[in-house]
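Below is one structure, written out as structure tokens, with a few remarks after it.
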Amino acid sequence: MKITITGTPGTGKTTVAKILAERLSLPLYNLTGLIKEKNLYLGYDNKRDAFIVNTEKLKNFFENKKNFIAEGLIAHYIPSDVTVILRARPEVIISRLKERNYPPEKLKENAESERIAFCATEVFQNPPSPVIIHIDTTSRTPEEVANVIMEGISAGGLIEDVDWLEG
Ligand code: ADP
Ligand code: MG
């Protein structure tokens with residue numbers, strides 16, 4: 001099974017992906033590490049302090065792989081069987097990311113991306129797989145998030161209502 005896990009930084013992708021990879025015995029790929037390691041980038045954006053992903057190379061890397069979990073901000077660019085979108089209340093994103101020593105503008109930028117549902121909108125506008133799982137992690141432990149994902153896979157999809165614009 002091919003599972004991708006996407007979402008704003010701080011939604012818990014890396015944490016929950018590790019739990020799932022173990023439970024399902026699937027090889028796990030952290031995209032930030034992979035992109036650097038395998039040179040899957042076009043260049044480096046100094047202003048944003050991030051690699052500019054070569055999406056063609058990224059897709060090629062996964063093309064012949066049948067079983068994996070790939071987690072990262074752009075995981076939904078990779079064709080898969082299941083796409084998981086993790087969400088979290090924007091204030092919670094900020095508190096979860098505090099220990100990363102991000103500059104305040106980067107914290108704000110991530111909270112804002114989450115508030116406007118940047119990743120989720122990309123997925124819903126152009127679903128990259130037949131099974132979509134969209135869940136709110138705000139009041140769940142990583143174990144609980146993993147349980148909900150497993151239920152979503154069994155059910156053939158699970159879409160929770162999440163709207164941070166409603167206030
Ligand atoms: P991402 O990979 O999406 O950026 P991480 O998995 O690195 O997110 O999690 C960011 C921080 O939030 C970490 O300190 C992690 O321990 C914590 N965290 C992750 N998931 C949860 C959760 N469901 N509840 C509370 N804290 C969480
Ligand atoms: Mg991560």
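The values are calculated or read from the model by the stated rules, or taken from the named source; none is laboratory data. The shown structure was predicted, so the numbers you read here are calculated from the model rather than taken from an experiment. Cβ: placed from backbone, ideal geometry, glycine included. Neighbour counts: every protein chain shown. Side chains are part of the model used for accessible areas, which takes the heavy atoms of the whole protein and leaves out ligands, DNA and RNA. Shrake-Rupley method; radii C 1.70, N 1.55, O 1.52, S 1.80 Å.
Quick rundown of the values:
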{"read-out": "Number of the condition not met by Tyr29 [criteria: (1) surrounded by fewer than 17 Cβ atoms within 10 Å (Cβ to Cβ); (2) at pLDDT 95 or above]", "value": "(1)"}
{"read-out": "Unmet criterion (only one of (1) in a strand (DSSP E or B); (2) of a type outside the set (S, T, N, Q); (3) more than 16 Å from ligand 1 (Cβ to nearest atom)) for Phe51", "value": "(3)"}
{"read-out": "Residues of segment 62-76 satisfying the condition of being open to solvent by 80 Å² or more (accessible area, probe 1.4 Å) and within 16 Å of ligand 2 (Cβ to nearest atom)", "value": "Leu73"}
{"read-out": "Some residue of segment 113-126 being touching a Pro at 6+ places or on another chain (Cβ under 7 Å), modelled with pLDDT of 95 or more, surrounded by 13 or more Cβ atoms within 10 Å (Cβ to Cβ) and not aliphatic (A, V, I, L, M)", "value": "yes"}
{"read-out": "Options Arg89, Arg100, Arg140, Arg96; residue that is touching a Gly at 6+ places or on another chain (Cβ under 6 Å) and either over 18 Å from Lys13 (Cβ atoms) or open to solvent by 50 Å² or more (accessible area, probe 1.4 Å) (or both)", "value": "Arg96"}
{"read-out": "Among (1) away from ligand 1 (no atom under 16 Å from the Cβ); (2) free of Cβ contacts under 8 Å to residues at least 12 places away in the same chain - the single one Phe62 does not satisfy", "value": "(2)"}
{"read-out": "Only listed residue being of a type outside the set (A, V, I, L, M, F, W, C), open to solvent by 70 Å² or more (accessible area, probe 1.4 Å), more than 15 Å from the chain's Cα centre (by Cα) and within 15 Å of ligand 1 (Cβ to nearest atom), chosen from Glu56, Glu22", "value": "Glu22"}
{"read-out": "Residue pairs meeting the criteria (Cβ under 8 Å; at least 6 apart or on separate chains; first assigned to a helix (DSSP H, G or I), in segment 136-163; second among the hydrophobic types (A, V, I, L, M, F, W, C) and near ligand 1 (Cβ under 8 Å from one of its atoms))", "value": "Pro142/Val16; Val145/Val16; Val145/Leu86; Ala146/Val16; Ile149/Val16"}
